[in-house]
Amino acid sequence: MSAEREHTKTSNIFDRILSGEVVPFNAPDFYQLAEQSERAIGLLVDLNASKSLEDIRTHLSRITEQEVDASTTIYTPFSINYGKNLKLGKNVFINQNCQMLDLGGITIEDDVMIGPRVNLLSETHPIEPELREALIGKPIHIKQHAWIGAGATILPGVTIGKHSVVAAGAVVSKDVPDRTVVAGVPAKIMKSI
């Protein structure tokens, strides 16, 4: 048996995507992605109908299958397509209308602020037309004390450094060093702080 087949046989589709493997839409276990998205959708209904921040944290803990710290604040509406690959630190603030695609993994460290309408997209597709109907996970990592401005988009595989700022509306396709302000489309370094 080939190493690829053996890997596919022993790893579930979520582990394969999280590891960065290119997973085609015709993989035998691809249907599990839709099942888990439906799970997340059902739990998001309760989260987005919450009447208190405590209830939001309780429902997000169910989605992520880990305890969300009491110091973390999330405003609804909020959207995530899987949930189990989102790792949240303490004292995180996430404003309204944030969209997270977390199959590739999203880590948000302590004291991070995320503005409204931010997109964190840890999934992508190959650019070659004949391979495009496949999914690739690339983790996003937002380090301590970073601030992601309103309407910013963080693309797959990007790390935002400690104490850095992503300006409103920026599209970040490359890593951001510590203590740096980036802005624009694509985001470019504006200054060090």
Filter result for residue 150 (surrounded by 20 or more Cβ atoms within 10 Å (Cβ to Cβ), farther than 28 Å from residue 14 by Cβ and either in contact (Cβ under 8 Å) with a residue 40 or more places away in the chain or in contact with a Lys or Arg (Cβ under 9 Å, 6 or more places away or on another chain) (or both)): no
Determine whether residue 6 is among the acidic types (Asp, Glu), open to solvent by 40 Å² or more (accessible area, probe 1.4 Å) and at pLDDT below 95. yes
Of all residues making up the stretch 117-145, the number that are farther than 24 Å from residue 177 by Cβ and aliphatic (A, V, I, L, M): 5
Which numbered condition trips up residue 28, out of (1) open to solvent by 60 Å² or more (accessible area, probe 1.4 Å); (2) under 20 Å from residue 16 (Cβ atoms); (3) assigned to a helix (DSSP H, G or I)? (3)
Which of the residues belonging to the stretch 66-82 are surrounded by fewer than 21 Cβ atoms within 10 Å (Cβ to Cβ) and within 14 Å of the chain's Cα centre (by Cα)? 79, 81
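Going by what's in this entry, would residue 173 be described as among the polar types (S, T, N, Q) and touching a strand residue (DSSP E or B) at 6+ places or on another chain (Cβ under 8 Å)?
Criteria not met by residue 173.
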With the condition being closer than 17 Å to residue 102 by Cα, I'd like the strands (runs of 3 or more DSSP E) fully within the stretch 122-193 carrying at least 1 qualifying residues. 134-137, 140-142
Single residue of the stretch 172-189 satisfying the filter (open to solvent by 40 Å² or more (accessible area, probe 1.4 Å) and touching a Ser or Thr at 6+ places or on another chain (Cβ under 8 Å)) that is farthest from residue 106 (Cα to Cα): 189
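Table: residues versus (1) at positive phi; (2) of a type outside the set (Gly, Ala, Ser).
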residue: 21; (1), (2): no, yes
residue: 40; (1), (2): no, no
residue: 45; (1), (2): no, yes
residue: 49; (1), (2): no, no
residue: 61; (1), (2): no, no
residue: 65; (1), (2): yes, yes
residue: 72; (1), (2): no, yes
residue: 81; (1), (2): no, yes
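The values are calculated or read from the model by the stated rules, or taken from the named source; none is laboratory data. The structure displayed is predicted, hence computed values, not measured ones. Counting neighbours? That spans all protein chains shown, and the Cβs are built from the backbone with ideal geometry, glycine included. What goes into the accessible areas is simple: the full protein's heavy atoms, side chains included, and nothing from ligands, DNA or RNA. Shrake-Rupley method; radii C 1.70, N 1.55, O 1.52, S 1.80 Å.
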